[in-house]
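Working notes, structure below.
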Amino acid sequence: MDALELGRLQFAVTTMFHFIFVPLILGLSVLVATMETRYVRTGERLYLRMTKFWGRLFLINFALGVVTGLFLEFQFGMNWAEYSRFAGDIFGTPLAIESLATFFLESTFIGIWVLGWNRVSKKVHLFSAWMLVLGANLSALWILLANGWMQHPVGQIVTGGRVQMADFGAFFTNPYGWLKFFHTMFAGFVVAAFFVTGISAYHLLKKHDTDFFLKSFQRAAIFGLISSFMVFLVGDEHAYEIAQTQPTKLAAMESVWYTQKPADYNLLVIPYPGQERNLIQTLPVPGMLSFLAYHNFDAQVKGMHDFPADERPPVIPVFISFRLMVGLGILFILLGLGSVYYARKPDFPERSWFLWIMLLALPLPYIACQLGWIVAEVGRQPWIVYGIFRTADGISRNVSASQVLTSLLGFGSIYLALTATDIYLLVKFARMGPDEDLSQIIDPEKLRGA
């Protein structure tokens, strides 16, 4: 492998490791804040225990997630110096805002949230919880606006071999970036919902603290069902945006080789990129692909043959990842409906078959998120900035393959260690369950304003 392939592999590895932590941060911060809100409004100690238990798991994941994110930005100067020279004037802006504003926002309020028990009023403590939610999601917003610009560049001019910001408003309101943000945010909510229902299902199977975990399951089930529907709705709009701005990605997502008007949606497709066609293509739904892509049953969908061979993304990874991601998204809605329905039944803790399903389903949203990133990033190739700058032109000229391989092995080892640590700590503290006696760690009566 040459320096370009190794550089791409390194960025893919580090990004995908980082994205193991991010979705849970986005979603679990919201769930914990809603639990604390319920505690502040009602004074029920059950919700205080829920806030402390799920909050501890959030903190473990947050701490390790922040560390994995630090290495990502180093790579732009190390392996992607040519890209940094070309796009630094635009790409650096959202990264700087994310680093300075949202990082300090998160750092400040996570300190209050962790150390403020018994030291600040309930309302101030609750405010810090919601500021953590705001900080985490603002951080994701700026990162995804930067990525959205790479996917659909707007608001720039190209001069002297570099792009410069010509219209910050166009950059900030880029529909591609906002759709990507909401799609990712709601996906993170689904990850958190299945994280809580999965761990709750484990304890319900063990008959541990049934009331605590039944309430946790019920709240997360509703949160997960709503979020799953939102992922589906935003995903549909996102696909529409992709059809408008990245037709090559759409063709790869559906393995469309020949332009069709209208285009049928084939339920069974087996791509054959070697001969630039599909080996099997059957069970068509007339006009459905046109409708899904353009919200018009008679719209034309371009095939791969309408684009130069050197501007097409790899079909197989994009096609498979997209279909699996959509299939999992439908499964999450079905499991969400089942969770909300069964969790209201008086004998729910005795329905072990469903509890086992929810326990085993815990990692599936993580897989769906990784598949989504493959669709987004591999589907953009061969462009690093779609349509105006190729990935092959962005690699650093003075970095050798052996140097990239060395850093890849180093980063890979660190990320493996961090991920293993995260999983170990989450499993350990999740299995321990909530603290029985909160007076050991907090006396709510001492909270100012209690």
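The values are calculated or read from the model by the stated rules, or taken from the named source; none is laboratory data. Everything quoted here is computed from the prediction, not taken from an experiment. Because the Cβ atoms are built from the backbone with ideal geometry, glycine has one as well, and the counts that use them run over all protein chains shown. These accessible areas exclude ligands, DNA and RNA; they are computed on the full protein's heavy atoms, side chains included. Shrake-Rupley method; radii C 1.70, N 1.55, O 1.52, S 1.80 Å.
Here the spin labels are modelled as points 7 Å beyond Cα on the Cα-Cβ line, and at residue 360 and residue 166 they lie 5.6 nm apart. Taking label points 7 Å from Cα along the Cα-to-Cβ direction, residue 305 and residue 222 give a separation of 5.4 nm. Projected label points at residue 282 and residue 414, each 7 Å from Cα along the beta carbon direction, are separated by 5.2 nanometres. For the chain, the solvent-accessible area of protein heavy atoms averages 44 Å² per residue (probe radius 1.4 Å; ligands and nucleic acids excluded). When the P(r) of the chain is calculated, the portion above 32 Å amounts to 44% of the C-alpha pairs. For the range 301-409, the spherically averaged projection of the C-alpha convex hull amounts to 11.2 nm². Annotation: extensible slack from residue 267 through residue 37 equals 78.3 nm (criterion: 0.36 nm per residue apart, minus Cα-Cα distance).
For the chain, the membrane-span-like helix rule (DSSP H, alpha carbon extent of at least 30 Å along the helix axis, mean Kyte-Doolittle at least 0.5) picks out 3-42, 45-78, 122-151, 175-205, 210-245, 315-343, 401-432; this says nothing about an actual membrane. Given the options 6, 370, 166, identify the residue whose Cα lies farthest towards the positive end of the charge dipole of the chain (+1 on Cβ of Lys, Arg; -1 on Cβ of Asp, Glu). Farthest along the dipole direction, towards plus: 370.
Among the listed pairs 52/345; 52/122; 207/345, which have their C-alpha atoms separated by more than 19 angstrom in this model?
Check vs 19 Å cut-off fails for 52/345.
With Rh defined as the Kirkwood radius, the inverse of the mean 1/r over Cα pairs, the Rg/Rh of the range 124-282 is 1.11. Take the Cα of residue 353, go 7 Å toward its beta carbon, and the backbone nitrogen atoms of the range 199-213 under 17 Å from that spot belong to 205. Surface composition of the chain: carbon and sulfur make up 65 percent of the accessible area, probe 1.4 Å.
All other residues with a Cβ under 15 Å from the Cβ of residue 294 taken together, and with Lys, Arg as +1 and Asp, Glu as -1, what is their net charge? So the environment of residue 294 carries a net charge of -3. For the range 1-142, the spread of Cα positions along the three principal axes, ordered from largest to smallest, is 60, 28, 20 Å. Convex hull volume of the Cα atoms of the range 132-178, normalised per residue: 68 Å³. By the rule of a C-alpha distance below 30 Å, with chain neighbours fewer than 8 residues away ignored, the lysines paired with residue 249 are 180, 261, 302. Going toward the positive end of the dipole of the chain, with +1 on Lys and Arg Cβ and -1 on Asp and Glu Cβ, which of 266, 423, 383 do you reach last? Result: 423.
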